[in-house]
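The values are calculated or read from the model by the stated rules, or taken from the named source; none is laboratory data. Nothing here was measured: the structure is a model prediction, and the numbers come from that model. Positions of Cβ are generated from backbone atoms using ideal geometry, with glycine treated the same way; all protein chains shown enter the neighbour counts.
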């Protein structure tokens, strides 16, 4: 598919891809960042496509302590394909007050299993209003089936909501800085270098919160 959609000479038909999907990394299957999906993501980036990926929602769990079990943030929880080296891996932060509340408790945290910095950026991912589809739409109208073409919106949380914020910011950037179309690694560097720090450690926030205006002004 990659060869077909962007295989027409110099015409790059697809400039970017958002992957709000993922699964937990398991070193017994593949080396970190070397699963078939991660390898394909890196290959897609090298073909000229920006790939934005959700970091995952496995950054919170329970640990046994001497006194009792304790709930805490968990490192080394970046999901595949967020472990892909060339992907822009996005964690979640508070929708309205990111500097106060920081990175969402559920947002998967780095480093990667082989010690690389991830996530790369964070973006709003808590209680984000968007269209209801699939299971969410069914649950919204339960126990009745959803009416045909029913307009429906839900609030949802997760890095799957955060990643599209970054994808949208990059799309806006490429619409006015068209010289960067087909240069996804340069685009990633621009957005990482222009991100706004939330004052958290890099394995929580990456380089910080996406900042479109600073990205535009930096080039």
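Of these, 190, 128, which one is without any contact (Cβ under 8 Å) to a residue 60 or more places away in the chain, surrounded by 18 or more Cβ atoms within 10 Å (Cβ to Cβ) and farther than 16 Å from residue 52 by Cα? Even if it seems obvious, please write down each step before you answer.
On the way: 190 fails: farther than 16 Å from residue 52 by Cα.
Result: 128 is the single residue among 190, 128 that is without any contact (Cβ under 8 Å) to a residue 60 or more places away in the chain, surrounded by 18 or more Cβ atoms within 10 Å (Cβ to Cβ) and farther than 16 Å from residue 52 by Cα.
Name the single residue that is surrounded by the most Cβ atoms within 10 Å (Cβ to Cβ) among those in the stretch 23-45 being at negative phi and touching a residue at least 60 places away in the same chain (Cβ under 8 Å).
25
Please count how many residues of the stretch 135-180 are closer than 16 Å to residue 218 by Cα and over 20 Å from the mean Cα position of the chain (by Cα).
6
(1) farther than 24 Å from residue 165 by Cα; (2) modelled with pLDDT under 95; (3) part of a loop (DSSP other than H, G, I, E, B): which one isn't true of residue 32, the others all being true?
(2)
Under the condition of being under 30 Å from residue 59 (Cα atoms) and in contact with a helix residue (DSSP H, G or I) (Cβ under 7 Å, 6 or more places away or on another chain), which residue from the stretch 200-218 is surrounded by the most Cβ atoms within 10 Å (Cβ to Cβ)?
Among those residues, the one meeting the criterion is 210.
With the structure loaded, tell me whether residue 135 is assigned to a helix (DSSP H, G or I) and without any contact (Cβ under 8 Å) to a residue 12 or more places away in the chain or whether it fails that test. Break it down stepwise before answering.
On the way: assigned to a helix (DSSP H, G or I): yes; without any contact (Cβ under 8 Å) to a residue 12 or more places away in the chain: yes.
Answer is yes for this residue.
Which of (1) in a helix (DSSP H, G or I); (2) touching a strand residue (DSSP E or B) at 6+ places or on another chain (Cβ under 6 Å) is the odd one out, the single condition residue 215 does not satisfy?
Going through (1) in a helix (DSSP H, G or I); (2) touching a strand residue (DSSP E or B) at 6+ places or on another chain (Cβ under 6 Å) one by one, residue 215 breaks only (2).
On the given criteria, is residue 28 more than 15 Å from the chain's Cα centre (by Cα) and more than 20 Å from residue 185 (Cα to Cα)?
yes
For the stretch 147-171, enumerate the residues that are in a helix (DSSP H, G or I) and touching a residue at least 40 places away in the same chain (Cβ under 8 Å).
159, 160, 161, 162, 163, 164, 165, 166, 167, 169, 170, 171, listed by residue number.
Counting only residues that are touching a residue at least 60 places away in the same chain (Cβ under 8 Å) and not in a loop (DSSP other than H, G, I, E, B), how many does the stretch 113-125 have?
Total satisfying the criteria: 3.
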